[in-house]
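Take a look at the structure set out below.
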Amino acid sequence: MKYFTYILRNARRNPVRTGLTIASTSICLFLMMILLSFFAMSAEVASASRIFNRIVTMNANGFAGMLPVARVRQIAAMDGVVAATPFQWYGGKYHDEVMPFAQFGVDADVVFDIIDEFTVPPDQLADFKANRKGAVIGRKLAKDRNLKVGDSLPLKGDIYPVDLDLVVSGIYDGPNNRDLRMCLFHFEYLDEALKQTAMAGSGGSLTTEAARRSGNAGSIFVKCRSAEMMTDLCRRIDDEYRSTEFPTRTQTEEAFGQMFEEMMGDLKNTVYWIGAAVVVSLLFVAGNAMAMSMRERTSEVAVLKAIGFNKGLVLFLVLTEAVLVAGLGGAIGALGCKFLCDFVDVARFSGGFLPFFYVPWNTALLGLGVSLFVGFASGLVPAVLAANSSVIDGLRKVV
Amino acid sequence: MEGSPSIELRGVDKEYRRAEFVVPVLSDLDLTVAEGEFLALMGPSGSGKSTLLNLVAGLDTATRGEVLVHGRNLGNLSEAEITRWRADNVGFIFQTYNLIPVLTAFENVELPLLLTKLSRKKRRENVKTALRIVGLEGRENHTPRQLSGGQEQRVAIARAIATDPYLLVADEPTGDLDRATAGEILDLLELLNREFQKTIVMVTHDPLAARRAHRVLYLDKGRLVDDVTDETSISAAS
């Protein structure tokens with residue numbers, strides 16, 4: 001601690017160089033945090049869903065496959081099931097928006113018993129259940145679109161050949177690491193619209209598409225009575241429909257979340273390689289700055305050694321300085337990114353791509369650790385050179 | 001003033017290797033420096049003055065022969081031991097002061113004290129005492145850039161005496177100073193020698209500086225060519 005003043009003053013010796021080193025480290029780590037958090041956050045959110053005892057059933061062939069809505073009732077009647085709801089993606093356009101927000105057709109009577117981390121004021125929930133055109137939207141979606149209870153929410157069908165004329169019945173809230181940008185509406189309203197289009201049509205493509213899509217639950221969210229029952233229930237559901245026209249794949253909500261991550265294929269590895277490249281380039285930047293700094297201090301190091309600073313102490317002083325500078329960059333970049341994402345709703349700027357975004361603590365600490373490693377590694381060579389430098393050669397200019 | 005021998009050089013040779021060439025710098029040098037002596041080393045450039053100073057200060061080792069300080073052969077000490085020995089026993093004064101520019105005068109003087117086990121309070125007292133001795137009270141918070149050359153050299157002297165070493169080595173301590181300021185620095189060195197019994201070994205080209213010493217050694221081509229002790233002879237020779 002008694003050497004801290006010396007270390008700090010040396011780190012501030014050339015403010016421009018130190019500032020640029022800190023800036024380059026912090027900017028690189030900031031960007032790295034964004035990339036890494038995308039995956040870390042998905043994994044964390046998926047694992048956090050464990051406590052809700054939910055499983056998800058979908059067609060064994062994926063989302064494109066049919067999952068008859070009648071199965072919602074059948075599954076709900078199974079032993080160990082608290083409730084089940086269809087969860088059908090609609091994907092309609094709101095006004096002239098290009099990127100749709102998440103819209104799902106659900107069973108209004110039970111959806112908030114299943115997704116029970118979401119809260120809706122009782123009067124709004126009652127209105128939602130009673131109003132077939134009613135919809136409940138997330139707090140952040142309401143804020144983004146400036147929507148209030150009672151507002152009209154017209155959605156133009158994109159993948160579906162029907163439009164929906166929804167009314168905001170309620171606004172749900174929930175933890176910040178859950179999707180607060182969804183719109184949940186009555187599955188029956190969508191299904192009936194599809195049936196009407198199918199029946200009213202004259203056999204054209206719209207009619208065919210409406211007929212094909214009606215009665216499809218998309219996926220089924222199931223609330224289980226206990227965590228112990230989940231695995232057995234998944235097996236029982238899939239066994240029940242194994243030999244049918246539409247076999248199912250049932251998995252925990254956590255596995256369901258991880259499945260989306262797997263859909264990104266090798267992107268995760270690519271991001272990790274980019275991260276590694278960033279670390280290497282940071283090493284060069286910080287190492288160069290530290291080497292330049294030490295080269296300018298050759299005679300000072302010689303003086304220190306002459307007056308009794310031993311090799312180990314010189315090594316410690318130089319390394320600590322390098323770690324301090326890089327660590328400061330890391331703290332600004334990694335922790336700064338974490339706090340920025342905590343306080344600013346950056347998902348708003350993703351154009352609807354992300355429902356929420358935050359930097360998990362383990363990712364932020366990883367970033368800080370990376371910066372400390374960069375500091376240590378970049379300072380190692382200059383520190384060893386300084387520690388082993390000749391006092392006589394260093395003082396030659398002056399002695 | 002002068003007591004028992006504190007520094008002894010016996011048959012010291014020093015050579016440097018430059019590629020396949022061996023460059024002799026000091027040859028068969030015998031020297032005794034008494035406790036509390038003020039010794040000046042003079043001679044033309046390349047005569048081996050600084051090399052001799054480095055050997056005495058434990059910065060370099062002899063190729064042959066022995067360098068004994070208080071009976072201890074410096075050649076037998078490990079690198080760590082000699083570093084520790086320097087911290088405890090030697091104060092350095094350089095021609096270009098060699099202060100750490102980012103530290104204040106106080107912090108520069110405190111540097112060698114950081115190597116001791118002294119408490120912060122005690123270090124503070126020592127620094128203040130050293131700065132008072134060199135006449136720089138009230139300048140503690142000035143950085144080297146805010147001080148004149150003479151003041152910088154005073155800070156360097158304060159740093160050299162902060163740990164109360166018995167030996168001060170000075171290499172051209174007045175080389176970068178005007179005559180009046182050089183005189184003040186030499187007065188200070190004399191004071192340290194006289195009042196605080198510091199043994200001083202000083203390399204200088206300046207005859208006026210040499211006249212302040214008790215004894216002047218003249219080196220040429222690595223050999224001791226003259227050893228003058230009486231004041232008249234020093235004045236005449238320099």
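Hey, which of the helices (runs of 4 or more DSSP H) in the stretch B:1-113, taking only ones fully inside, have at least 3 residues that are touching a helix residue (DSSP H, G or I) at 6+ places or on another chain (Cβ under 8 Å) and away from every other protein chain (no Cβ under 14 Å)?
Numbers: elements: B:49-56, B:79-89, B:105-110.
Ranges flagged: none.
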Which residue out of A:Gly308, A:Gly329, A:Gly275, A:Gly257 is closer than 30 Å to B:Leu59 by Cα and touching a helix residue (DSSP H, G or I) at 6+ places or on another chain (Cβ under 8 Å)? A:Gly308
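For (1) over 30 Å from A:Gly369 (Cα atoms); (2) in contact with a His (Cβ under 8 Å, 6 or more places away or on another chain); (3) in contact (Cβ under 8 Å) with a residue 60 or more places away in the chain; (4) of a type in the set (Val, Ile, Thr), each residue gets a yes or a no:
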| site | (1), (2), (3), (4) |
| --- | --- |
| A:Glu192 | yes, no, no, no |
| A:Thr208 | yes, no, no, yes |
| A:Thr231 | yes, no, no, yes |
| A:Thr244 | yes, no, no, yes |
| A:Glu262 | no, no, no, no |
Output for the stretch A:300-314, where each listed residue is more than 7 Å from chain B (Cβ to nearest Cβ) and farther than 17 Å from A:Asn10 by Cβ: A:Lys311, A:Gly312
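Please specify each residue of the stretch A:232-257 satisfying the condition of being β-branched (Val, Ile, Thr) and loosely packed, with under 14 Cβ neighbours inside 10 Å. Walk me through how you get there before you give the answer.
Within the stretch A:232-257, the subset β-branched (Val, Ile, Thr) is A:237, A:244, A:248, A:250, A:252.
Passing the criteria: only A:Thr244.
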Right, A:Thr197: crowded, with 20+ Cβ neighbours inside 10 Å, touching a Leu at 6+ places or on another chain (Cβ under 7 Å) and β-branched (Val, Ile, Thr) or not? yes
Could you pull out the residue among B:Gly150, B:Gly183, B:Gly138 that is within 18 Å of the chain's Cα centre (by Cα), away from chain A (no Cβ under 14 Å) and within 30 Å of A:Arg9 (Cα to Cα)? B:Gly150
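Yes/no matrix, rows are residues, columns are (1) under 13 Å from B:Ala162 (Cβ atoms); (2) among the β-branched types (Val, Ile, Thr); (3) without any contact (Cβ under 8 Å) to a residue 24 or more places away in the chain; (4) surrounded by fewer than 21 Cβ atoms within 10 Å (Cβ to Cβ):
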{"residue": "B:Asn108", "(1), (2), (3), (4)": "yes, no, no, no"}
{"residue": "B:Thr116", "(1), (2), (3), (4)": "yes, yes, no, yes"}
{"residue": "B:Ser119", "(1), (2), (3), (4)": "no, no, yes, yes"}
{"residue": "B:Glu137", "(1), (2), (3), (4)": "no, no, yes, yes"}
{"residue": "B:Arg145", "(1), (2), (3), (4)": "no, no, no, yes"}
Just to be sure before I move on: is A:Gly19 more than 14 Å from chain B (Cβ to nearest Cβ), within 20 Å of A:Cys224 (Cβ to Cβ) and more than 30 Å from the chain's Cα centre (by Cα) in the structure I sent? no
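Does B:Glu66 count as in contact with a Gly (Cβ under 8 Å, 6 or more places away or on another chain), more than 24 Å from B:His205 (Cα to Cα), among the charged types (D, E, K, R) and surrounded by fewer than 19 Cβ atoms within 10 Å (Cβ to Cβ)? Before you say what the answer is, go through the steps one by one.
Working: in contact with a Gly (Cβ under 8 Å, 6 or more places away or on another chain): yes; more than 24 Å from B:His205 (Cα to Cα): yes; among the charged types (D, E, K, R): yes; surrounded by fewer than 19 Cβ atoms within 10 Å (Cβ to Cβ): yes.
So B:Glu66 passes the test.
Keeping to the stretch B:6-31, report how many residues are free of Cβ contacts under 8 Å to residues at least 40 places away in the same chain and either surrounded by 13 or more Cβ atoms within 10 Å (Cβ to Cβ) or small (Gly, Ala, Ser) (or both). Walk me through it before giving the result.
As a first pass, look at the stretch B:6-31 and keep what is free of Cβ contacts under 8 Å to residues at least 40 places away in the same chain: B:16-23.
With the extra rule that they be either surrounded by 13 or more Cβ atoms within 10 Å (Cβ to Cβ) or small (Gly, Ala, Ser) (or both), the set shrinks to B:16, B:19.
Adding up the residues that qualify gives 2.
For the stretch A:340-368, give me the residue count where each residue is assigned to a helix (DSSP H, G or I) and either in contact with a helix residue (DSSP H, G or I) (Cβ under 8 Å, 6 or more places away or on another chain) or in the same structural domain as A:Leu180 (by TED's automatic domain parsing) (or both). I'd like the intermediate steps shown before the answer.
Step one: of the stretch A:340-368, the residues assigned to a helix (DSSP H, G or I) are A:340-343, A:346-350, A:361-368.
Among the residues that remain, those that are also either in contact with a helix residue (DSSP H, G or I) (Cβ under 8 Å, 6 or more places away or on another chain) or in the same structural domain as A:Leu180 (by TED's automatic domain parsing) (or both) are: A:340-341, A:346-348, A:361-368.
So the count comes out to 13.
Is it true that some residue in the stretch B:152-169 is surrounded by fewer than 19 Cβ atoms within 10 Å (Cβ to Cβ) and assigned to a helix (DSSP H, G or I)?
Checked against the condition, which is being surrounded by fewer than 19 Cβ atoms within 10 Å (Cβ to Cβ) and assigned to a helix (DSSP H, G or I), the stretch B:152-169 yields no hits at all.
The values are calculated or read from the model by the stated rules, or taken from the named source; none is laboratory data. Because the structure is a prediction, the values reported are computed rather than measured. Don't worry about glycine lacking a Cβ; one is built from the backbone with ideal geometry, like all the others, and counts go over all protein chains shown.
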